Structures are given as C-alpha cells and as structure tokens.
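Engineer: Pasting in a structure now, in structure tokens, and then I'll have a few things to ask.
The values are calculated or read from the model by the stated rules, or taken from the named source; none is laboratory data. Remember, predicted model here, so these are calculated numbers, not experimental data. Each accessible area value is taken on the protein alone, full model and side chains, heavy atoms only, with ligands, DNA and RNA left out. Shrake-Rupley method; radii C 1.70, N 1.55, O 1.52, S 1.80 Å.
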Amino acid sequence: MFGWNIIGILIWVAIILYLVFIIQNIRSRRIKMIIKQHKHFSWPNFILTVVEVVVLLVAAGWMFNQTFMDNPDLEDASRITSSVKYEPLIMKTGVGNSSYVTINSAKKRYSSQSYTFYKAGSKITASSDYASIAYGDTALDVNAEKIPYVKKTLKKMDKKYQRAYVAIYTATYKKNWQNGIGMHAGHLATRYYLIRVPDQSFIKQGKSPFKDE
C-alpha cells in the first residue's frame, strides 16, 4: 500500500520517538543532577541538551523540507516521469464573439485569475499558476517556459489543430527511494495547461469563479 513512501513514514516516526527520548532523557538527567550532585545547572548537562535539541531540529527541518517544500527539477529523469497530452479545444458560442477560453479575474488587492475552456467531454477551469494562454505566431507562452514543452512538437500541433488546442503536461514522481523519503513516490508532481488559441479575439473576459474570503 505504502510502497517506497514507507521510508518517509518510518523517518518521521523515528523523529517523533527521538523527541520523546529527548524529553525523558533531559528530565532523567536533571533529576539525577539534583539528587546526586545537589545542583540545578552544570555545563556538561547543558551542552548535551543543546546537542540533542540541535540534532532534533536539523532532522525535523530536513524532513519538513523533503515532505512539504519539495520542488523537483522537472527535467530530472531520476525523479520525474512526464507526459504531454494534446487535445483540441471546443469553441464556445453564444452572446458576443465565439471564444475558446474565458479569463476569470478578481481585481482586488489579493487578486486571482483562472482560465476556463472546453475540450472533448469536459469543462476545465485552471488557476493561472498552472495554466497560460499562447496566441498568435508564438506557440509557447512566456509563463509556460518553466515547463519542458518541446517547441517542435508544439509547432506540429499548431498545424494539426489550427492553433486551437490544449497541451496538458503531467509530471509524476517516480516510485523510488529518493521520492519515498518525502512520501511523494507515485504521486502527482504537477499538471500544467498550455492553452493555444489562434489570436487574442478568441479570448473572452469573464468574472472570477472564486468567492471572496
């Protein structure tokens, strides 16, 4: 069930057990120091406590980073497996000009923006953090440069779909011990939508689907 992710689970369990050990060890040493040495403080005891706490903080900090702050290189074949799926867009018709994609914006201090588009069998609304729009002669939007799309393939798709498609990039963590440490093995790393339209006239401005908080 857990696969390689059991490594990360065991490390977290070890850190928790080490925390319990430190608490008991500090308490035990302090009691002995008071009873046997009739002291409330000693440098050797203090230094040992500091060392134990530092080891705990370093271990916990490292695991926190591995588990919650992991930011893998999407071109690192040892950790990531990826694929790109190309699907034609479905034009939305109605009042006003027909469009392939609608931009939903909240014009506030803490603004949010998303893109809504249709493809075969589904309607997708994606945050601008994980999607971008490319139009005109440029098949790759500047915001999508962070994703390892193949420009030659995008140009081929331009011809195949007349510049009206979505390139869905999906990256997944490989099932190995490196990813198991952060408990990411087999999980989704990221999904990105590159929305390609012929020109700006096929983009519609809409309202934000996100409610105020």
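Engineer: Take the alpha carbon atoms of the range 99-213, find their radius of gyration, then divide it by 2.2 N^0.38 Å using N residues; give the quotient.
Structural biologist: 1.21
Engineer: Specify whether the C-alpha gyration tensor of the range 59-124 places it in the rounded, prolate or oblate class, a ≥ b ≥ c being the square roots of the eigenvalues: rounded for a/c under 1.5, otherwise prolate if a/b is larger than b/c and oblate if not.
Structural biologist: It is oblate, given that a/c is not under 1.5 and a/b is not larger than b/c.
Engineer: Right, something else. Over all pairs of distinct alpha carbons, what does the Kirkwood formula give as the hydrodynamic radius of the chain, in Å?
Structural biologist: Computed over Cα pairs of the chain, the Kirkwood hydrodynamic radius comes out at 21.4 Å.
Engineer: Compute the relative contact order of the chain as a whole-number percentage, counting only Cα pairs closer than 8 Å that sit 6 or more residues apart in sequence.
Structural biologist: With pairs under 8 Å counted, the relative contact order is 28 percent.
Engineer: Out of all DSSP beta bridges with both ends in the chain, state the antiparallel percent to the nearest 5.
Structural biologist: Antiparallel bridges make up about 75 percent of those DSSP assigns within the chain.
Engineer: Which percent of the accessible area of the chain is formed by carbon and sulfur heavy atoms (probe 1.4 angstrom)?
Structural biologist: That fraction is 60 percent.
Engineer: Another question about this same structure. With a 1.4 Å probe and every protein chain left in place, work out the accessible area per residue of the range 10-56 in Å², rounded to a whole number.
Structural biologist: 78
Engineer: List, largest first, the extents of the alpha carbons of the range 1-82 along their principal axes, each in whole Å.
Structural biologist: Principal-axis extents of the range 1-82 (Cα, largest first): 64, 26, 15 Å.
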